[in-house]
Amino acid sequence: MNLAYLISAHTDAPQLRRLILSLHPDAHFFIHIDKKSDISEFTSLIKSRNVHFLEKRINVRWGTILEVEYQMELIKAALDYPLYFDRLFFLSGMDYPLWTNEHILEFLDRNRNKEYIQGLRMDTECVSEEQRQLYSIPRPFVNSARLSDKWNVRLGILKRKMGKMIGKRKPLEFIVTPVVGNHPAVLPQPEIWYLYKGSAWWCISSELASYVYDTYAYRPEVREYFIDSFGPAETLIQTIVFNTHEWAEKSILTQGKYPGLPALTPLHYIVYDPVIKVMDESDYDVLVGSGKMFSRKFVSGKSDKLVDMLKDGRC
(Lines give C-alpha, C1' and ligand atoms only; values in the text may rest on other atoms or scores of the structure.)
Protein backbone atom coordinates (compact mmCIF):
# COMPACT_ATOMS: atom_id res chain seq x y z
CA MET A 1 0.00 0.00 0.00
CA ASN A 2 1.43 3.37 -1.07
CA LEU A 3 0.98 6.18 1.43
CA ALA A 4 1.45 9.93 1.06
CA TYR A 5 1.68 12.18 4.09
CA LEU A 6 0.78 15.81 3.37
CA ILE A 7 2.27 17.93 6.13
CA SER A 8 1.99 21.62 6.96
CA ALA A 9 4.67 23.13 9.18
CA HIS A 10 5.98 26.52 10.18
CA THR A 11 8.23 25.84 13.18
CA ASP A 12 10.13 23.14 15.11
CA ALA A 13 12.12 21.36 12.40
CA PRO A 14 13.43 18.71 14.86
CA GLN A 15 9.83 17.70 15.68
CA LEU A 16 8.97 17.44 11.99
CA ARG A 17 12.03 15.25 11.45
CA ARG A 18 11.09 12.83 14.21
CA LEU A 19 7.52 12.66 12.89
CA ILE A 20 8.82 11.65 9.47
CA LEU A 21 11.27 9.12 10.93
CA SER A 22 8.50 7.54 12.99
CA LEU A 23 6.39 6.72 9.92
CA HIS A 24 6.71 4.24 7.07
CA PRO A 25 10.17 4.45 5.49
CA ASP A 26 8.71 3.75 2.03
CA ALA A 27 5.97 6.41 2.32
CA HIS A 28 6.31 9.78 0.62
CA PHE A 29 6.14 13.07 2.48
CA PHE A 30 4.95 16.27 0.82
CA ILE A 31 5.68 19.24 3.03
CA HIS A 32 4.55 22.85 2.93
CA ILE A 33 6.58 25.31 4.99
CA ASP A 34 4.91 28.66 5.69
CA LYS A 35 6.49 31.33 3.51
CA LYS A 36 7.22 33.42 6.62
CA SER A 37 9.46 30.67 8.00
CA ASP A 38 13.10 30.00 7.12
CA ILE A 39 12.87 26.84 5.04
CA SER A 40 16.61 26.17 5.37
CA GLU A 41 16.03 25.20 9.00
CA PHE A 42 13.97 22.28 7.67
CA THR A 43 15.83 21.35 4.49
CA SER A 44 19.20 21.31 6.25
CA LEU A 45 17.88 18.84 8.83
CA ILE A 46 15.58 16.67 6.71
CA LYS A 47 17.18 15.10 3.65
CA SER A 48 15.64 12.07 1.98
CA ARG A 49 14.52 11.08 -1.52
CA ASN A 50 10.99 10.45 -0.26
CA VAL A 51 10.66 13.90 1.35
CA HIS A 52 9.41 16.61 -1.01
CA PHE A 53 9.34 20.25 0.08
CA LEU A 54 6.89 22.29 -1.98
CA GLU A 55 8.50 25.00 -4.07
CA LYS A 56 5.33 27.08 -4.07
CA ARG A 57 4.88 28.38 -0.54
CA ILE A 58 1.93 30.28 0.87
CA ASN A 59 2.21 33.16 3.31
CA VAL A 60 -0.28 31.51 5.66
CA ARG A 61 -2.81 33.50 7.62
CA TRP A 62 -4.81 31.45 10.12
CA GLY A 63 -8.54 31.15 9.51
CA THR A 64 -8.44 32.36 5.90
CA ILE A 65 -8.58 30.93 2.39
CA LEU A 66 -4.75 30.94 2.40
CA GLU A 67 -4.89 27.77 4.50
CA VAL A 68 -6.99 26.12 1.80
CA GLU A 69 -4.43 27.17 -0.80
CA TYR A 70 -1.64 25.21 0.85
CA GLN A 71 -4.01 22.26 1.35
CA MET A 72 -4.64 22.24 -2.39
CA GLU A 73 -0.95 22.66 -3.24
CA LEU A 74 -0.14 19.61 -1.12
CA ILE A 75 -2.92 17.56 -2.69
CA LYS A 76 -1.77 18.56 -6.18
CA ALA A 77 1.85 17.65 -5.41
CA ALA A 78 0.82 14.14 -4.34
CA LEU A 79 -1.53 13.63 -7.29
CA ASP A 80 1.11 14.85 -9.78
CA TYR A 81 3.81 12.58 -8.39
CA PRO A 82 4.57 9.58 -10.69
CA LEU A 83 3.31 7.04 -8.16
CA TYR A 84 -0.26 6.13 -7.26
CA PHE A 85 -1.05 6.63 -3.57
CA ASP A 86 -3.73 4.47 -1.98
CA ARG A 87 -4.11 6.92 0.89
CA LEU A 88 -3.30 10.56 1.55
CA PHE A 89 -2.97 11.71 5.15
CA PHE A 90 -3.10 15.35 6.11
CA LEU A 91 -0.97 16.10 9.16
CA SER A 92 0.60 18.96 11.06
CA GLY A 93 4.34 19.00 11.68
CA MET A 94 3.52 18.82 15.38
CA ASP A 95 1.71 15.48 15.15
CA TYR A 96 3.07 12.11 16.25
CA PRO A 97 1.74 8.56 15.68
CA LEU A 98 0.27 6.54 18.53
CA TRP A 99 0.07 3.37 16.43
CA THR A 100 2.86 1.30 14.93
CA ASN A 101 3.29 1.44 11.17
CA GLU A 102 2.13 -2.18 10.95
CA HIS A 103 -1.08 -1.32 12.83
CA ILE A 104 -1.73 1.65 10.52
CA LEU A 105 -1.31 -0.50 7.40
CA GLU A 106 -3.48 -3.28 8.77
CA PHE A 107 -6.24 -0.80 9.67
CA LEU A 108 -6.17 0.83 6.24
CA ASP A 109 -6.18 -2.53 4.50
CA ARG A 110 -9.32 -3.57 6.43
CA ASN A 111 -11.07 -0.30 5.58
CA ARG A 112 -10.20 0.27 1.93
CA ASN A 113 -13.63 1.63 1.02
CA LYS A 114 -13.88 4.12 3.87
CA GLU A 115 -12.83 7.77 3.79
CA TYR A 116 -11.58 9.11 7.12
CA ILE A 117 -12.95 12.61 6.88
CA GLN A 118 -15.74 13.77 9.17
CA GLY A 119 -18.40 16.44 8.79
CA LEU A 120 -21.33 18.12 10.57
CA ARG A 121 -23.96 20.11 8.67
CA MET A 122 -23.98 23.60 10.15
CA ASP A 123 -27.42 24.95 9.23
CA THR A 124 -29.49 22.56 11.35
CA GLU A 125 -31.43 23.55 14.47
CA CYS A 126 -29.27 21.20 16.53
CA VAL A 127 -26.25 23.49 15.97
CA SER A 128 -26.28 26.42 18.38
CA GLU A 129 -26.93 29.96 17.19
CA GLU A 130 -23.45 30.91 18.44
CA GLN A 131 -21.81 28.28 16.22
CA ARG A 132 -23.95 29.21 13.20
CA GLN A 133 -23.04 32.88 13.63
CA LEU A 134 -19.34 32.08 13.37
CA TYR A 135 -19.99 31.03 9.79
CA SER A 136 -22.83 33.36 8.85
CA ILE A 137 -20.90 36.58 9.52
CA PRO A 138 -18.73 37.37 6.46
CA ARG A 139 -15.02 37.81 7.13
CA PRO A 140 -13.72 39.85 4.19
CA PHE A 141 -10.36 38.57 2.98
CA VAL A 142 -7.92 41.39 2.34
CA ASN A 143 -4.62 40.46 0.73
CA SER A 144 -3.29 43.64 -0.88
CA ALA A 145 0.35 43.58 -1.93
CA ARG A 146 0.53 47.25 -0.97
CA LEU A 147 -0.23 46.49 2.67
CA SER A 148 1.68 44.55 5.30
CA ASP A 149 0.19 41.38 6.76
CA LYS A 150 -0.74 43.33 9.87
CA TRP A 151 -2.68 45.95 7.92
CA ASN A 152 -4.35 43.37 5.69
CA VAL A 153 -5.64 41.68 8.84
CA ARG A 154 -6.72 44.96 10.42
CA LEU A 155 -8.58 46.06 7.32
CA GLY A 156 -10.32 42.69 7.11
CA ILE A 157 -11.41 42.95 10.76
CA LEU A 158 -12.71 46.48 10.19
CA LYS A 159 -14.75 45.35 7.18
CA ARG A 160 -16.13 42.42 9.16
CA LYS A 161 -17.24 44.67 12.04
CA MET A 162 -18.86 47.14 9.67
CA GLY A 163 -20.73 44.33 7.90
CA LYS A 164 -21.89 42.91 11.22
CA MET A 165 -23.17 46.34 12.33
CA ILE A 166 -25.33 46.72 9.23
CA GLY A 167 -26.65 43.18 9.57
CA LYS A 168 -24.80 41.61 6.67
CA ARG A 169 -25.08 37.83 6.83
CA LYS A 170 -23.78 34.91 4.82
CA PRO A 171 -26.14 31.99 4.04
CA LEU A 172 -24.95 28.57 5.14
CA GLU A 173 -25.58 27.27 1.63
CA PHE A 174 -24.71 28.22 -1.94
CA ILE A 175 -25.50 27.24 -5.52
CA VAL A 176 -23.12 25.03 -7.49
CA THR A 177 -23.72 25.27 -11.23
CA PRO A 178 -23.01 22.76 -14.04
CA VAL A 179 -19.72 22.78 -15.93
CA VAL A 180 -19.64 22.48 -19.72
CA GLY A 181 -17.60 19.51 -20.92
CA ASN A 182 -16.62 16.12 -19.57
CA HIS A 183 -14.65 17.10 -16.50
CA PRO A 184 -14.88 14.69 -13.52
CA ALA A 185 -16.48 17.40 -11.37
CA VAL A 186 -19.46 17.88 -13.74
CA LEU A 187 -22.92 18.18 -12.19
CA PRO A 188 -25.99 17.53 -14.38
CA GLN A 189 -27.85 20.60 -13.06
CA PRO A 190 -27.47 23.36 -10.46
CA GLU A 191 -27.50 22.11 -6.88
CA ILE A 192 -27.72 23.67 -3.43
CA TRP A 193 -24.67 22.78 -1.38
CA TYR A 194 -24.85 23.07 2.41
CA LEU A 195 -22.00 24.05 4.71
CA TYR A 196 -20.29 21.22 6.61
CA LYS A 197 -17.62 21.54 9.26
CA GLY A 198 -14.94 19.07 10.30
CA SER A 199 -11.24 18.96 11.01
CA ALA A 200 -8.21 19.79 8.86
CA TRP A 201 -6.71 16.36 9.67
CA TRP A 202 -7.96 13.45 7.61
CA CYS A 203 -7.05 10.37 5.55
CA ILE A 204 -8.60 9.94 2.11
CA SER A 205 -8.13 8.01 -1.13
CA SER A 206 -6.43 9.48 -4.20
CA GLU A 207 -9.77 9.31 -6.00
CA LEU A 208 -11.46 11.52 -3.42
CA ALA A 209 -8.44 13.83 -3.29
CA SER A 210 -8.64 14.23 -7.07
CA TYR A 211 -12.36 15.01 -6.90
CA VAL A 212 -11.78 17.61 -4.17
CA TYR A 213 -8.95 19.27 -6.09
CA ASP A 214 -10.86 19.33 -9.39
CA THR A 215 -13.94 20.77 -7.72
CA TYR A 216 -11.90 23.54 -6.14
CA ALA A 217 -9.96 24.23 -9.35
CA TYR A 218 -12.85 24.17 -11.82
CA ARG A 219 -15.79 25.48 -9.82
CA PRO A 220 -15.09 29.14 -9.02
CA GLU A 221 -18.29 29.47 -6.98
CA VAL A 222 -16.77 27.14 -4.35
CA ARG A 223 -13.77 29.39 -3.72
CA GLU A 224 -15.97 32.49 -3.98
CA TYR A 225 -18.21 31.21 -1.19
CA PHE A 226 -15.35 30.33 1.13
CA ILE A 227 -13.08 33.31 0.50
CA ASP A 228 -14.88 35.33 3.19
CA SER A 229 -15.73 32.38 5.48
CA PHE A 230 -14.43 31.58 8.93
CA GLY A 231 -11.88 28.74 9.04
CA PRO A 232 -12.34 27.37 5.50
CA ALA A 233 -9.55 24.81 6.06
CA GLU A 234 -12.08 23.00 8.26
CA THR A 235 -15.14 23.46 6.03
CA LEU A 236 -14.35 23.69 2.32
CA ILE A 237 -13.22 20.10 1.75
CA GLN A 238 -15.95 18.75 4.04
CA THR A 239 -18.57 20.72 2.11
CA ILE A 240 -17.38 19.22 -1.18
CA VAL A 241 -17.37 15.70 0.26
CA PHE A 242 -20.70 15.70 2.08
CA ASN A 243 -22.64 17.33 -0.74
CA THR A 244 -21.55 14.55 -3.11
CA HIS A 245 -23.51 11.35 -2.46
CA GLU A 246 -20.80 9.02 -3.80
CA TRP A 247 -18.27 10.31 -1.27
CA ALA A 248 -20.61 11.23 1.59
CA GLU A 249 -21.73 7.63 2.00
CA LYS A 250 -18.10 6.51 2.42
CA SER A 251 -17.22 9.26 4.90
CA ILE A 252 -18.12 9.95 8.54
CA LEU A 253 -21.24 12.06 9.02
CA THR A 254 -21.85 13.51 12.49
CA GLN A 255 -25.35 14.64 13.42
CA GLY A 256 -26.83 16.56 16.33
CA LYS A 257 -25.21 19.30 18.37
CA TYR A 258 -21.77 20.65 17.57
CA PRO A 259 -19.53 18.30 19.60
CA GLY A 260 -16.32 20.33 19.48
CA LEU A 261 -13.41 20.00 17.07
CA PRO A 262 -11.71 17.03 18.83
CA ALA A 263 -14.87 14.94 18.29
CA LEU A 264 -14.85 15.87 14.58
CA THR A 265 -11.26 14.67 14.15
CA PRO A 266 -11.49 10.95 13.32
CA LEU A 267 -7.87 9.79 13.65
CA HIS A 268 -6.29 12.36 16.00
CA TYR A 269 -6.35 12.79 19.76
CA ILE A 270 -6.44 16.50 20.59
CA VAL A 271 -7.11 18.44 23.78
CA TYR A 272 -8.32 22.06 23.67
CA ASP A 273 -8.00 23.81 27.02
CA PRO A 274 -8.73 26.46 25.60
CA VAL A 275 -5.91 26.13 23.05
CA ILE A 276 -4.32 22.91 21.81
CA LYS A 277 -2.49 21.27 24.71
CA VAL A 278 1.19 20.37 24.37
CA MET A 279 1.53 16.68 25.21
CA ASP A 280 4.13 15.40 27.67
CA GLU A 281 4.97 12.16 29.49
CA SER A 282 2.03 12.59 31.90
CA ASP A 283 -0.31 12.05 28.92
CA TYR A 284 1.16 8.68 27.91
CA ASP A 285 -1.54 6.40 29.34
CA VAL A 286 -4.39 8.52 27.99
CA LEU A 287 -2.82 8.70 24.53
CA VAL A 288 -2.12 4.98 24.24
CA GLY A 289 -5.61 4.19 25.51
CA SER A 290 -7.35 6.72 23.27
CA GLY A 291 -7.73 4.40 20.30
CA LYS A 292 -6.59 7.22 17.99
CA MET A 293 -3.91 6.83 15.32
CA PHE A 294 -2.18 10.19 15.90
CA SER A 295 -2.02 12.95 18.47
CA ARG A 296 -1.00 16.56 18.56
CA LYS A 297 0.60 18.73 19.77
CA PHE A 298 4.21 17.60 20.25
CA VAL A 299 6.93 20.18 20.83
CA SER A 300 10.70 19.70 21.00
CA GLY A 301 12.01 20.16 24.53
CA LYS A 302 8.57 19.57 26.06
CA SER A 303 7.43 16.29 24.51
CA ASP A 304 10.80 14.54 24.19
CA LYS A 305 10.32 12.06 27.03
CA LEU A 306 6.84 11.22 25.77
CA VAL A 307 8.23 10.52 22.31
CA ASP A 308 10.83 8.18 23.80
CA MET A 309 8.07 6.34 25.68
CA LEU A 310 5.95 6.05 22.53
CA LYS A 311 8.82 4.61 20.51
CA ASP A 312 8.62 1.52 22.71
CA GLY A 313 4.93 1.61 23.57
CA ARG A 314 2.94 2.41 20.42
CA CYS A 315 -0.10 0.20 19.87
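Take every Cα-Cα pair in the range 1-104 and report what % of them are more than 19 Å apart. Roughly 39 percent, rounded to a whole number.
Shown for the range 170-315: lysine pairs separated by 8 or more places, or found on different chains, whose C-alpha atoms are under 17 Å apart, numbering 11.
Normalised size of the range 53-159, defined as Cα radius of gyration per 2.2 N^0.38 Å with N residues, equals 1.45. Ranked by the mean number of other Cβ atoms within 10 Å of their residues, highest first, the peptides 260-273, 115-128 come out as 115-128, 260-273. Of all DSSP bridge pairs formed entirely within the chain, close to 40 percent run antiparallel.
Our analysis of the range 125-237 gives Rg over Rh at 1.01, with the two radii drawn from alpha carbon positions and Rh computed by the Kirkwood formula. For the range 103-148 versus the range 18-50, the spacing of their alpha-carbon centroids is 26 Å. Straight Cα distances below 16 angstrom link Lys150 to the lysines Lys35, Lys36, Lys159, with same-chain residues fewer than 8 positions distant left out. The residues neighbouring Thr244, those whose beta-carbon lies less than 13 Å from its own, together hold a net charge of -4 under the Lys/Arg +1, Asp/Glu -1 convention. For His52, His32, the ranking by accessible surface with the largest value first comes to His52, His32, using a 1.4 Å probe.
Measuring between their Cα centroids, the range 205-277 and the range 75-93 lie 17 Å from each other. Above 19 Å, the calculated P(r) of the range 214-304 contains 56 percent of its Cα-Cα pairs.
The values are calculated or read from the model by the stated rules, or taken from the named source; none is laboratory data. None of these values were measured; they are calculated from a predicted model. Because the Cβ atoms are built from the backbone with ideal geometry, glycine has one as well, and the counts that use them run over all protein chains shown. Please note that ligands, DNA and RNA were not included when accessible areas were found on the heavy atoms of the full protein model with its side chains. Shrake-Rupley method; radii C 1.70, N 1.55, O 1.52, S 1.80 Å.
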